[in-house]
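Reviewing the structure listed below.
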Amino acid sequence: MRAGGTGLSRTDDYEAFCEGVRVLCSVDLSQYKRGQMERRIRSFARRKGSDGLTDYLAVLETERQELDDFLDRMTINVSQLWRNPEQWSLLGEAILPELAADSRSISAWSAGCSYGAEAYTLAALAREHVPRTRVTVKGTDIDRRMVERARGGRFDAEDARSAPPALLRRHFDEVDGGWQARRELVAMCRFEVGDLLHMTVAAGRLDLVLCRNTVIYFTDDVRNALHARLARALRPGGYLVIGSTERIHEPRGMGLTPTHPFVYRKS
Ligand SMILES: C[S@@+](CC[C@H](N)C(=O)[O-])C[C@H]1O[C@@H](n2cnc3c(N)ncnc32)[C@H](O)[C@@H]1O
């Protein structure tokens, strides 16, 4: 099959497109599962009126807004406050108190934080369950616009659909039909742009890493290598929490012991 009169095969034009995007904005699409990613990119390019990926790459190279739209579409930012409430009950009632018993401070990382719902939920639970412990939450995401949004701590009503109403009201203010994280929560959270596949992470320093619903698009090898790096970032006794549809391949080889569904403790 030919792509848009370029003479490149479909395979080649996809690879060339990934390389072009990598040069443009350092996002390495070749690390994501190909089938799904390629289908989404081709259909998006078509809807944008481009005649194949070579043509579409030329548009991205010259129009910043198109590049922003493309990245917006490719990184799926779905999130919500208290997403998977059962995981948050466990974190609040068991894991945070255990970590607080070990140390006067807890350093947590929301890896692939999107617009910050996970980080603010953790901050609210920390105030609720371990109020005397100094808790800091770092959120990182590859999507700059999501990181900017996260810094504001503002959520709409839909984001709060799984949040326990009493906790929501205690830690967020209702503003214009949405929810604004209180100043105390904002002060606990810090957000940075970062590509999980390339950022360096100090070993053995963190107490808690949340990496949920972020690795599903990565190839298995990329996902396994990332989990191993996240495990290395934890101190002994620290916890890694993954999404409720995800798994860690050979956790014991990374020094991780499963303690609850989707929760691992570093030995
Ligand atoms: C579905 S959201 C998950 C948000 C949150 N963890 C949750 O579970 O609600 C996935 C996030 O991963 C981010 N992401 C995808 N690839 C990434 C990468 N290589 N480095 C950092 N973040 C990435 C996306 O931009 C997106 O915001």
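The values are calculated or read from the model by the stated rules, or taken from the named source; none is laboratory data. Worth saying up front: this structure is predicted, and the values here are computed from it rather than measured. Neighbour counts are summed over all protein chains in view; Cβ atoms, including those assigned to glycine, are modelled from backbone coordinates with ideal geometry. For accessibility, only protein heavy atoms count, side chains too; no ligands or nucleic acids. Shrake-Rupley method; radii C 1.70, N 1.55, O 1.52, S 1.80 Å.
Can you pull out every residue in the stretch 200-215 that is more than 8 Å from the ligand (Cβ to nearest atom) and in a loop (DSSP other than H, G, I, E, B)? So that I can check it myself, show each step before the final result.
Going through the stretch 200-215, the residues more than 8 Å from the ligand (Cβ to nearest atom) turn out to be 200-209, 215.
Residues satisfying the conditions are Thr200, Val201, Ala202, Ala203, Gly204, Arg205, Val215.
Yes/no per residue for (1) at pLDDT 95 or above; (2) within 27 Å of Leu230 (Cβ to Cβ); (3) not aliphatic (A, V, I, L, M):
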position	(1), (2), (3)
Ala111	yes, yes, no
Gly116	yes, yes, yes
Thr121	yes, yes, yes
Ala124	yes, yes, no
His129	yes, yes, yes
Gly152	yes, yes, yes
Ala166	yes, no, no
Arg170	yes, no, yes
Arg182	yes, no, yes
Legend entry - helices (runs of 4 or more DSSP H) completely within the stretch 94-195 that count 3 or more residues being within 19 Å of Leu240 (Cα to Cα): 96-102, 117-129
Inset, instruction - Output the qualifying pairs, or none if there are none: Cβ atoms under 6 angstrom, residues six or more apart or on different chains, first residue in the stretch 51-78 and among the β-branched types (Val, Ile, Thr), second residue open to solvent by less than 40 Å² (accessible area, probe 1.4 Å) and within 16 Å of the ligand (Cβ to nearest atom). - result: Thr75/Asp143
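In the stretch 248-267, which residues are outside any strand (DSSP E or B) and over 16 Å from Leu226 (Cβ atoms)? Before the answer, list the steps.
So the first thing to find is which residues in the stretch 248-267 are outside any strand (DSSP E or B), and the list is 248-255, 261-262, 267.
Of everything in the stretch 248-267, those that are outside any strand (DSSP E or B) and over 16 Å from Leu226 (Cβ atoms) turn out to be Arg252, Pro261, Ser267.
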Legend entry - Count of the stretch 202-217 residues which are over 21 Å from Ala117 (Cβ atoms) and touching a residue at least 40 places away in the same chain (Cβ under 8 Å): 1
Inset, instruction - Mind listing just one residue for me: the one in the stretch 82-117 that is open to solvent by less than 10 Å² (accessible area, probe 1.4 Å) and either among the charged types (D, E, K, R) or away from the ligand (no atom under 16 Å from the Cβ) (or both) and, of those, nearest to Arg144 (Cα to Cα)? - result: Ile106
Inset, instruction - Go through the stretch 216-239 residue by residue and tally those that are in contact with a strand residue (DSSP E or B) (Cβ under 7 Å, 6 or more places away or on another chain) and away from the ligand (no atom under 16 Å from the Cβ). - result: 6
